Amino acid sequence: MKKLITLILLLLLPMSVFASGSVGLQEADIDLSDNASLQRGAKTYVTYCLGCHSAKHIRYKRIALDLGIEDAAVLKDIAPVGAAIYDQMHSAMNGHDANKWFGTTPPDLSLIARSRGADWLYSYLKGFYVDKSKPLGVNNTVFEDVGMPNMLWQLQGLQTAVYKEGEGKEKVIEKLIIEEKGTMSEEEFDKTVNDLVNFLVYVGEPVQLERERIGKYVLFFLLMFLGIAYLLKKEYWKDIH
């Protein structure tokens, strides 16, 4: 019984507890009603992520419909050159090349926001720092020994880790500092990463806003039905004592 209770408690713990790094997770500002943010996030994804990671559960046509933009605008401003409006968001990289270069096939990111959480993704994308002991020259505060390069380093710049002494005199990361500036300020980069995470949350469940809207009517119906059922119960049982 104690083991079962312990397992349930572990399943209920927030995702931040399982962050592999020593730096806590930062909070993402998710707003799926912000179509401008979703458009910027989609463009960032295609520019910096789609080269390796597909998002095959979404089509460019769905993005156009959900965000209220013309098909031509999606193909011009978001989709890669040569893409058709009904195409899924497939990466141009094939599995053979991926295994040759990285030792594994980069995962599809359609459901990454649902499996990892928005705060984890936001912190992960901001958490790369220079680590020359690693094959790719970088490490990550929330994904130790990460096997992915920092694709956003030109925007963010290069970060280095500042360590402090932890328990048992083991060094742990206290914070990250910019060693070499990128093309964006810290505020601009934070906004870009937040837009990207916002888009990934949308891709994980494009109907989320519609589901929440319909859910309000369902709850109202259930409450109304409960009231009617209670009145019927009183009517049926009023003469039974």
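The values are calculated or read from the model by the stated rules, or taken from the named source; none is laboratory data. Here the structure is a predicted model, which means the values were calculated and not measured. Methodologically, a virtual Cβ is constructed for each residue, glycine included, from the backbone with ideal geometry; neighbour enumeration extends over all protein chains shown.
The number of residues in segment 161-173 that are touching a residue at least 24 places away in the same chain (Cβ under 8 Å) and exposed (fewer than 14 other Cβ atoms within 10 Å of the Cβ) comes to 2. There is at least one residue in segment 143-160 that is hydrophobic (A, V, I, L, M, F, W, C), in a helix (DSSP H, G or I), touching a helix residue (DSSP H, G or I) at 6+ places or on another chain (Cβ under 7 Å) and closer than 30 Å to residue 36 by Cα. Taking the criterion of being modelled with pLDDT under 90 and β-branched (Val, Ile, Thr), the residues of segment 147-187 that qualify are 172, 173.
Out of 45, 86, I need the residue that is hydroxyl-bearing (Ser, Thr, Tyr), in the same structural domain as residue 160 (by TED's automatic domain parsing) and more than 14 Å from residue 198 (Cα to Cα). Which one?
86
One residue is enough: does segment 216-239 have a residue meeting the conditions in contact with a Ser or Thr (Cβ under 7 Å, 6 or more places away or on another chain) and β-branched (Val, Ile, Thr)? No, segment 216-239 contains no residue that is in contact with a Ser or Thr (Cβ under 7 Å, 6 or more places away or on another chain) and β-branched (Val, Ile, Thr). Here residue 146 meets each of (1) within 23 Å of residue 50 (Cβ to Cβ); (2) among the aliphatic types (A, V, I, L, M); (3) surrounded by fewer than 16 Cβ atoms within 10 Å (Cβ to Cβ) with one exception, condition (3). The set of residues in segment 22-42 that are in a loop (DSSP other than H, G, I, E, B), under 29 Å from residue 139 (Cα atoms) and in contact with a Leu (Cβ under 8 Å, 6 or more places away or on another chain) comprises 23, 28. Looking only at residues in segment 60-87 that are hydrophobic (A, V, I, L, M, F, W, C) and touching a Lys or Arg at 6+ places or on another chain (Cβ under 7 Å), the one that is farthest from residue 43 (Cα to Cα) is 85.
Return the residue satisfying two criteria in turn: it lies in segment 111-142 and is outside any helix (DSSP H, G or I) and touching a helix residue (DSSP H, G or I) at 6+ places or on another chain (Cβ under 6 Å), and of such residues it is farthest from residue 89 (Cα to Cα). Taking the candidates together, the pick is 142. Of the residues 200, 176, 232, the single one that is surrounded by 10 or more Cβ atoms within 10 Å (Cβ to Cβ), part of a helix (DSSP H, G or I) and under 29 Å from the mean Cα position of the chain (by Cα) is 200.
Within the span defined as segment 5-19, one or more residues are surrounded by 12 or more Cβ atoms within 10 Å (Cβ to Cβ), modelled with pLDDT under 90 and not in a helix (DSSP H, G or I). Would you pick out the residues in segment 91-117 that are without any contact (Cβ under 8 Å) to a residue 40 or more places away in the chain and of a type outside the set (Asp, Glu)? 94, 95, 96, 99, 100, 101, 105, 115 - these are the residues of segment 91-117 that are without any contact (Cβ under 8 Å) to a residue 40 or more places away in the chain and of a type outside the set (Asp, Glu).
Of everything in segment 43-88 that is in contact (Cβ under 8 Å) with a residue 40 or more places away in the chain and part of a helix (DSSP H, G or I), the residue that is farthest from residue 203 (Cα to Cα) is 48.
When 74, 81 are checked against the criterion of being in contact with a Phe, Trp or Tyr (Cβ under 7 Å, 6 or more places away or on another chain) and assigned by TED's automatic domain parsing to the domain that holds residue 50, 74 stands alone in meeting it.
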